[in-house]
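K.L.:
Sharing a structure here in structure tokens format.
The values are calculated or read from the model by the stated rules, or taken from the named source; none is laboratory data. A quick note: this is a predicted structure, and the numbers were derived from the prediction, not measured. Glycine also receives a Cβ, built like all others from the backbone with ideal geometry; neighbour counts cover every protein chain displayed.
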Amino acid sequence: MDLAYTGAIAIVDDGPVELDEQTLARCHAGDPAAVRRFIVRYEDLVFAFLSRTLGRGAHIEDLAQEVFIRACRALPSFDPRGKARVSTWLLTIASRLAIDARRKRHLPTSPLDAETFAAAGATPETERRRLEIGHALEAAARRLSDDHRDVFVLAEFHGLEMQEIASVLGIRESTAKTRLFRARAHLRTLLKDVWEDE
């Protein structure tokens, strides 16, 4: 998933092209090449979500691996013609694992790489400013509640619609809207000084 950070706006691509039904059927049948293709297709999505909601660290690799183990076990119950796309189904599994991980223990985190917020062709001054804003946004996002951060990440970094966010998190759509509104409002307050410098 490509993420470009321009000013205060995160721009996401349309996400991974969904895997075709034949490959999913071969995954279900245990075809190692199909399972490998499944994982390669969606690993960036899963890693990005987990690291944005839980912070980077070795625990992310373990959780991502568990997402794919659970997904492979549950493939027989997944209907590729149903409402959920494979990507949102995987994000649902990842979000539930993230919630469980938060409940069980305090997770070690480290900041995102600076290149996450880098923009191609920027001048040194604009690049420095973008990095400052990116670091300020990251610090502010860490101050959001887990529920608000999850909704914010799914909306702003993964480009999910409200209905998809609600489905992924197992909440009502109105609850997702409220959480996103409050997350954005809290971030505006936390980042007020950063925006005033613009």
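K.L.:
Those residues that are assigned to a helix (DSSP H, G or I) and of a type in the set (Asp, Glu), I need them from region 36-85; list them, please.
P.N.:
Initial filter on region 36-85 (assigned to a helix (DSSP H, G or I)): 36-54, 58-77.
Of everything in region 36-85, those that are assigned to a helix (DSSP H, G or I) and of a type in the set (Asp, Glu) turn out to be GLU43, ASP44, GLU61, ASP62, GLU66.
Each row is one residue, and each column tells you yes or no for (1) in contact with a Lys or Arg (Cβ under 8 Å, 6 or more places away or on another chain); (2) assigned to a helix (DSSP H, G or I); (3) of a type in the set (A, V, I, L, M, F, W, C).
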residue	(1), (2), (3)
LEU154	no, yes, yes
LEU160	no, no, yes
GLN163	no, yes, no
ALA166	yes, yes, yes
LYS177	no, yes, no
ARG182	no, yes, no
ALA185	no, yes, yes
ARG188	no, yes, no
ASP193	no, yes, no
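K.L.:
Okay, moving on. Would you check which residues across region 36-55 are surrounded by fewer than 19 Cβ atoms within 10 Å (Cβ to Cβ) and at pLDDT below 90 and list them?
P.N.:
Residues of region 36-55 that are surrounded by fewer than 19 Cβ atoms within 10 Å (Cβ to Cβ), as a first pass: 36-37, 39-41, 43-44, 47, 55.
The answer is GLY55, and nothing else.
K.L.:
May I pose another question? Give me the residue from region 56-69 that is of a type in the set (A, V, I, L, M, F, W, C) and crowded, with 16+ Cβ neighbours inside 10 Å and, out of that set, farthest from HIS135 (Cα to Cα).
P.N.:
Filtering region 56-69 for residues of a type in the set (A, V, I, L, M, F, W, C) gives 58, 60, 63-64, 67-69.
Of the ones still in play, those that are also crowded, with 16+ Cβ neighbours inside 10 Å are 60, 63-64, 67-68.
Values: ILE60: 20, LEU63: 25, ALA64: 25, VAL67: 28, PHE68: 30 Å.
Step by step, filter region 56-69, then rank; the result is PHE68.
K.L.:
Residues of region 152-198 being among the β-branched types (Val, Ile, Thr) and either in contact (Cβ under 8 Å) with a residue 40 or more places away in the chain or over 19 Å from LYS83 (Cβ atoms) (or both), which ones? Give the steps one after another, and end with the answer.
P.N.:
Let us first name the residues in region 152-198 that are among the β-branched types (Val, Ile, Thr), namely 153, 165, 168, 171, 175, 178, 189, 194.
VAL153, VAL168, THR178, THR189, VAL194, listed by residue number.
K.L.:
For region 112-166: of the residues being in contact with a strand residue (DSSP E or B) (Cβ under 7 Å, 6 or more places away or on another chain) and modelled with pLDDT under 80, which is farthest from LEU180 (Cα to Cα)?
P.N.:
The initial filter retains those residues of region 112-166 that are in contact with a strand residue (DSSP E or B) (Cβ under 7 Å, 6 or more places away or on another chain), namely 112, 116-117, 119, 130, 134, 156-159.
Applying the additional criterion that residues be modelled with pLDDT under 80 yields 112, 116-117, 119, 130, 134.
Values: LEU112: 22, THR116: 22, PHE117: 22, ALA119: 26, ARG130: 23, GLY134: 19 Å.
That would be ALA119.
K.L.:
Shifting gears a bit: Output the number of the condition that THR109 fails; it satisfies all remaining conditions of (1) modelled with pLDDT of 90 or more; (2) within 12 Å of THR53 (Cα to Cα).
P.N.:
(1)
K.L.:
Okay, moving on. Pairs only if they're at least six apart or on different chains, beta carbon under 7 angstrom, first in region 78-101 and polar (S, T, N, Q), second crowded, with 18+ Cβ neighbours inside 10 Å and not in a helix (DSSP H, G or I); list them, first residue then second.
P.N.:
Listed pairs, sorted by first residue: SER87/GLY15; THR88/LEU160.
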